[in-house]
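Notes follow once the structure below has been shown.
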Amino acid sequence: MSSMASLLVIFGLLATLILDTAESQVGVCYGMLGNNLPSAAQVISLYNSNNIKRMRLYDPNQAALQALSGTDIEVMVGIPNSDLQYVAASRDNSFDWVWRNIMSYPDVKFRYIAVGNEVKPSDGTLAPLVHPALTNIREVVSFYGLKDQIKVSTSIDTSMIGVSYPPSQGAFRDDARAYIDPIIGFLVAINAPLLVNVYPYFSISQLYISGFFQSQHRDGSTVWPRRSAEES
């Protein structure tokens, strides 16, 4: 593999669409679970050399934030689930979090704060913390005059979707509504998007059964293509 491809595999490449009303661009998630990883400075150099202008950090890694200072890379930074109780507990705690991880890096182009990641509606410990954490962090961001620069949201996975087709009839699972509806109402009020982690590989792999792909037609019939000679 090329050095570029190898490093992207190390990062755990996930395409993240960071949306606004004017444009959509593809960024790269900077994952740090692994060994023999390149330094933060090397990673930032790789982004710059390949004109990658958007990055997702799953937590406010200090080395990464220092390396990002002064660059043109726009950043989505996560508040990890382990910090939800802290920021949800009080506005003072949220001030502390934002000061340490956002305001202390004035030369980093923060664009999103993702409050929690893939919290399950059934999680009786974490789920009740997401909405108050969102509210507290948003209030602090507004206090610093950054509400138009930095959007506050949370990341969910697609398992919360009950109906996905056709898209016009898309809906969340009934058992997720008590959790997600207040969050959506909050995001609508502050004009922020709901962030969704999408894993195309896993979706496709679920359709691959014993070497066959299932094809669903509009009339409801199912076609099972034969395995090619090259795959036999």
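Values in this text are rule-based calculations from the coordinates and carry no lab data. Note that this is a predicted model, so its numbers are computed, not measured. All Cβ positions, even for glycine, are placed from backbone atoms using ideal geometry, and neighbour counts span all protein chains on display.
Observations on the model:
- Extension gain, Ala178 to Thr158, is 5.5 nm, computed as 0.36 nm per intervening residue step minus the present C-alpha separation.
- Prolate/oblate/rounded call for the range 60-180, Cα gyration tensor, a/c under 1.5 rounded: prolate
- A straight line joining the Cα centroids of the range 29-100 and the range 158-182 runs 29 Å.
- Radius 13 Å from Cβ of Asn117, net charge of other residues (Lys, Arg +1; Asp, Glu -1): -3
- Of the chymotrypsin sites (Phe, Trp or Tyr not before Pro) in the range 70-163, those whose Cβ has at most 16 other Cβ within 10 Å and which sit in DSSP loop: Tyr144
- Between the amide H of Arg54 and those of Val28, Glu74, distances stay under 5 Å, these residues lying 5 or more places away or on another chain, with hydrogens modeled in the peptide plane.
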